[in-house]
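What follows is a set of notes on a single structure, which appears directly below.
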Number of protein chains: 2
Amino acid sequence: MNRRRSTIKDVAREAGVSVSAVSRAFSGGSLSADKKTRILQVAGTLDYRPSSAAQSLVRQQTRSVTLVTGRMHDPFDSQFLEALAEALADSGRRLIVAPASKQADLSGGVYQAIDDRSDAVIIAAGTMPLDASRACVRIGLPVILAGRILDTPGVDAVVAANCDGGRQAAAMFLRGGCQRPAWFGVERPSFSNDERLAGFHAQMAAAGIEPARFEAGGRDDEAIFEAASRMLSRSDRPDAVFCATDRLAFGVLEAAGALRLAVPRDLAVIGFNNVPAAARRSYRLTTLDYPVARVVAEIMEILEARLAAPGLAPIRRRIPVSLIVRETTR
Amino acid sequence: MNRRRSTIKDVAREAGVSVSAVSRAFSGGSLSADKKTRILQVAGTLDYRPSSAAQSLVRQQTRSVTLVTGRMHDPFDSQFLEALAEALADSGRRLIVAPASKQADLSGGVYQAIDDRSDAVIIAAGTMPLDASRACVRIGLPVILAGRILDTPGVDAVVAANCDGGRQAAAMFLRGGCQRPAWFGVERPSFSNDERLAGFHAQMAAAGIEPARFEAGGRDDEAIFEAASRMLSRSDRPDAVFCATDRLAFGVLEAAGALRLAVPRDLAVIGFNNVPAAARRSYRLTTLDYPVARVVAEIMEILEARLAAPGLAPIRRRIPVSLIVRETTR
DNA sequence: CCAGTGGTTGCAAACGATTTCAAACATTTC
DNA sequence: GAAATGTTTGAAATCGTTTGCAACCACTGG
């Protein structure tokens, strides 16, 4: 039961070569073929593998990326995480996830990224504190905002074409001849929430209609359901509701079901994100598709670009969204 | 635009002290109060923070844990990841996620954990390859299997009380007076799938009943729905179905809806996991609660125990599951 | 035979921190 | 005032790897 991990020195001694030779056997460099195979064989019996900590130290780069993420209350978040982890693995990097749930303070995760000398930090939750962001910019750590916000200077961002999505939803409702459209947003307004509303409102205004506005009463499904029920029990009940997220839309559909409203005849509903559940038989939700794969691809591109040319001006990418028409609209 | 990150030496020079002093200011150690504040202040203006790579090197520990995970097709997986990340953060460790989607080969992720000198590797997907597992045991890297399998020697595991869950489901069906119970499992049988079936089958057998067995035709929701529809269209259609996961149960409920079967009168359904969606109005699924928080807590305990006493015999923990009765059973 | 060439090798200096050790200093006790 | 004790301090060794450099080797061509 030998606890100590074998090091490059052990392998060198055992194989009767210098440490440089061992290093070159693993990381490449001129080395005769027979010596290389012998070294690898010895390394195998000793269970030796180079320590990435020591490598990062001397190479001055870690090939790791930190993702700062909050509560993943939306299935979209886990899809995103999975796709991101995979894309990073393909580019030979590891993903470190730093949860930021503690009162939505991201700085902890950001500072962890700094300590780890990550290649970049990707932020997918909450609001970026200004001082942490400044620190990143000063030390040249690329910061990429994902899907949510872009209110801090010097950082890159990829976000959905939220306004356009709102406009598409409004257009769809108008085509369907709706009379009393409404907006159903999240409890605490966020960047994307507000943009989606803005687009929806603008398009409706262009048709001379002022949509009503409602909000979910809380974070959990029950609170959402309650708020949706209240909205649909009013005398001037809306006949078309655009929801900030699919999750809200599910609540609306369930409330409609409980109130025996026929969808889409009495009530049309549109969501946002196109999470897998939206396609289920129970919902068949018309929604705006926000393609995760595309988001991740853009992030990877930004990452490479930034790493290649650190001085670049902030990059902002809008991901187009497209309306997936299912059975909750007419 | 100074690209080079400042090091402990820069701070020492700037503050007019030795590097030891700076180290002590950050990591603790005897140091006069005024000197400490001065150092921290200088470090602040220089944006200095200790490099964790260098720290791990000299301290011989990384305070990181690697999670090897596959496709997160079940919401349960993302809940698990989130809870785990948080628990680890609380214990001052970071979470590295290594995706193992490529033809379900885990060894890549496991070797990454080895390279990273992680404190432990947690495996939540697929089957552990024997050689990778052996390597971990030899070098003393703790391996913890989560929720799925325990067929490899020398590794710890925490799994649901799957058999017991199956028995509870069977008992519930029997109490409700079902006549033709059935099992609905995943396409490619897995450890937990099989255990759940075994428990269900045993309890039914004790009552002199042999349940029918069906399988989902594929991984995606559509394939599950098709298989469920076929199952419910048979002349000897089951009147009670126990599903290996909630996700399968949703498919069954939707198929039942499409066939105009009344739940729970014509058909009772029980799932497994109690994912958040199971509580939704659209499903109100009776299911076995597999408490994520508990799973994570056990993992953390095992982790600490293993780190404190590496020579320990393999630890196996069963997490009790409890039946949550909603509206899909009578 | 000798200079030139090109591929292998190993030494030793980094990389950025911590920590042991002994010296220096300050404080208490007799 | 001296000895004993305790607290700060910095020099230097260390962690495990990579890599620039120079030495060495075996050839090749003149």
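For this structure, a couple of remarks:
- Converting phi to 3J(HN,Hα) with the Karplus coefficients 6.51, -1.76 and 1.60 and the offset θ = phi - 60°, region B:292-304 yields 4, 4, 5, 4, 5, 4, 5, 4, 4, 5, 4, 4, 5 Hz in sequence order, with x at every glycine or proline.
- Estimated translational D of region A:8-50 in µm²/s (Stokes, Kirkwood radius over Cα pairs; 20 °C; 1.002 mPa s): 219
- Residue-averaged [θ]222 nm for chain B, counting only DSSP H segments that reach four residues, each worth -39500 (n - 2.57): -14000 deg cm²/dmol
- Value of D in µm² per second that Stokes-Einstein yields for chain B, Kirkwood Rh from Cα pairs, at 4 °C (1.567 mPa s): 57
- Estimated vicinal HN-Hα couplings, Hz - region B:182-191 in sequence order (Karplus 6.51, -1.76, 1.60; Gly, Pro = x): 9, 10, 10, x, 6, 4, 9, x, 10, 4
- Rg(Cα) / (2.2 N^0.38 Å) computed for region A:33-153, rounded to two decimals: 1.31
- Size-normalised alpha-carbon gyration radius of region A:270-310, reference 2.2 N^0.38 Å: 1.71
- Counting every C-alpha pair in the protein assembly as shown, the share spaced more than 43 angstrom apart comes to 32%.
- Label 7 Å beyond Cα on the Cβ vector: B:A207 copy-to-copy distances, nm: 5.5
- Amide hydrogen proximity for B:L145: with H placed 1.01 Å from N in the peptide plane, the residues at 5 or more positions away or on another chain lying under 5 Å are B:I123, B:D156, B:A157, B:V158.
- Diffusion coefficient (Stokes-Einstein, Kirkwood radius over C-alpha pairs, 37 °C, 0.692 mPa s) for region A:190-305: 213 µm²/s, rounded to a whole number.
- Region A:245-319 - convex hull of the alpha-carbon atoms, volume per residue in Å³: 87
- Going from the isolated chain to the complete set of protein chains, region A:59-87 loses at least 20 Å² of heavy-atom accessible area (1.4 Å probe) at A:R71, A:M72, A:S78, A:L81, A:E82, A:A85, A:E86.
- Inverse of mean 1/r across different Cα pairs in region B:165-234, Kirkwood, Å: 12.6
- Unit charges on C-beta of K, R, D, E only; dipole of region A:239-330, Debye: 120
- Anchor B:K35: aspartates and glutamates whose Cα lies under 20 Å away (excluding residues fewer than 8 positions away in-chain): B:D10, B:E14, B:D47
- Across the identical copies, how the A:R134 labels are spaced - nm, sorted shortest first, 7 Å along Cα→Cβ: 5.7
- Label geometry 7 Å along the beta-carbon vector: B:V58 inter-copy distances in nm: 1.8
- Amide H within-cut-off set for B:T245, under 5 Å, with H built and near neighbours excluded: B:F272
- Solvent-accessible area of A:Y283 with every protein chain in place, 1.4 Å probe, in Å² to the nearest 10: 20
- Nearest beta-carbon to the A/B symmetry axis - residue in chain A, distance in Å: A:S78, 2
- Legend: mean number of C-beta atoms from other chains within 10 angstrom of residue C-beta atoms, peptide A:92-100, equals 6.
- Under a 5 Å amide H cut-off, with hydrogens placed 1.01 Å from N, A:I319 pairs with A:V159, A:A160, A:A161 among residues at least 5 apart or on other chains.
- Separation of alpha-carbon centers, region A:295-315 and region B:101-163, rounded to whole Å: 34
- Accessible area of B:K36 in the full protein assembly, 1.4 Å probe (Å², nearest 10): 80
- Ranked from largest to smallest solvent-accessible area, with a 1.4 Å probe on the protein heavy atoms, A:C243, B:C163 come out as B:C163, A:C243.
- Remark: accessible surface ordering of B:I144, A:I315 (largest first) is A:I315, B:I144, probe radius 1.4 Å.
- Using a 1.4 Å probe over protein heavy atoms, the accessible area lost on pairing B with A, summed over both chains, comes to approximately 5200 Å².
- Largest GNM mean-square fluctuation among A:P314, A:P211, A:P153, using chain A with Cα springs under 10 Å: A:P153.
- Two numbers describe the Cα atoms of region A:287-330: Rg and Dmax, which are 15.3, 50 Å.
The values are calculated or read from the model by the stated rules, or taken from the named source; none is laboratory data. No experiment lies behind these values; they were computed from the predicted model shown. Counting neighbours? That spans all protein chains shown, and the Cβs are built from the backbone with ideal geometry, glycine included. These accessible areas exclude ligands, DNA and RNA; they are computed on the full protein's heavy atoms, side chains included. Shrake-Rupley method; radii C 1.70, N 1.55, O 1.52, S 1.80 Å.
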